[in-house]
Ligand code: VGL
Ligand code: ZN
């Protein structure tokens, strides 16, 4: 029996070219989630996307720290920061949403990672939890109670978005076949599922909604 999707939002996190095969920070098999997300979109009236959207001088890029390479962890403005390849630069092809992802029903796009001094994995807050994107208030004002999270990457932006969603009081679901992990370390994807589950995120498969 299909779920009741009253007061529910579908959240599509960072399904952008740079996180897909051939992108700068490609997630293996990332493209497999696109048809799943497009099918899910038919079931939701309320859909919001997030977009990783960095200035080229962003401090999360290894290239902006002399002698550093992607994957290294540094202390940056008081936080541990993993350094990434240059990705999702404002105005670049890599920052665009994948062309097969259907944006027709999206109510809004929330951009993040625009402040060069702090990274922003979650669609709700930056990693220092200082700035708010407005997504939480937007969902609350629209009467949203249930948030269904999809997108890339499961062990970074999807995880932190889902954890913040729980912390803001939304009943939060992760649709496990509508996300893929980047797995900087092999077990990151598995660990992220455990972390989300123990924080109260409900793990479901798309079939719970589509069938
Ligand atoms: C992401 C690393 C850096 C993500 C964004 O969307 O998961 N990961 N920036
Ligand atoms: Zn980023």
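The residues of the stretch 10-30 that are more than 10 Å from the chain's Cα centre (by Cα), under 22 Å from residue 174 (Cα atoms) and more than 9 Å from ligand 1 (Cβ to nearest atom), listed by number, are 10, 17, 20, 26, 28, 29, 30.
Across the stretch 38-60, the qualifying residues are those that are within 16 Å of ligand 1 (Cβ to nearest atom) and farther than 20 Å from residue 163 by Cα, and the one among them that is surrounded by the fewest Cβ atoms within 10 Å (Cβ to Cβ) is 57.
Condition check for residue 49 on (1) in contact with a helix residue (DSSP H, G or I) (Cβ under 9 Å, 6 or more places away or on another chain); (2) in a strand (DSSP E or B): one failure, at (1).
Whether a residue is on the phi > 0 side of the Ramachandran plot, buried (at least 17 other Cβ atoms within 10 Å of the Cβ) and either in contact (Cβ under 8 Å) with a residue 12 or more places away in the chain or within 16 Å of ligand 2 (Cβ to nearest atom) (or both) was assessed, and residue 113 passes this test.
Among the residues of the stretch 79-135, those identified as touching a strand residue (DSSP E or B) at 6+ places or on another chain (Cβ under 9 Å), farther than 14 Å from residue 48 by Cβ and not in a loop (DSSP other than H, G, I, E, B) are 80, 81, 82, 84, 89, 94, 95, 125, 132. The numbered conditions (1) within 13 Å of ligand 2 (Cβ to nearest atom); (2) more than 23 Å from residue 165 (Cα to Cα); (3) surrounded by 22 or more Cβ atoms within 10 Å (Cβ to Cβ) are all true for residue 14 except (2).
Yes/no matrix, rows are residues, columns are (1) in a loop (DSSP other than H, G, I, E, B); (2) in contact with a strand residue (DSSP E or B) (Cβ under 9 Å, 6 or more places away or on another chain); (3) buried (at least 23 other Cβ atoms within 10 Å of the Cβ); (4) touching a residue at least 12 places away in the same chain (Cβ under 8 Å):
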site	(1), (2), (3), (4)
162	no, yes, yes, yes
174	no, yes, yes, yes
179	no, yes, yes, yes
185	yes, no, no, no
190	no, no, no, no
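Checked against (1) within 16 Å of ligand 2 (Cβ to nearest atom); (2) in contact with a strand residue (DSSP E or B) (Cβ under 8 Å, 6 or more places away or on another chain); (3) farther than 25 Å from residue 188 by Cα, residue 47 passes all but a single condition, namely (1). Scoring residue 94 on the criteria (1) out of contact with any helix residue (DSSP H, G or I) (no Cβ under 6 Å at 6 or more places or on another chain); (2) more than 17 Å from residue 158 (Cα to Cα) leaves a single failure, condition (1).
Only the coordinates and a few stated rules stand behind these numbers; no lab work does. This structure is a prediction, so every number in the text was calculated from the model and none was measured. Positions of Cβ are generated from backbone atoms using ideal geometry, with glycine treated the same way; all protein chains shown enter the neighbour counts.
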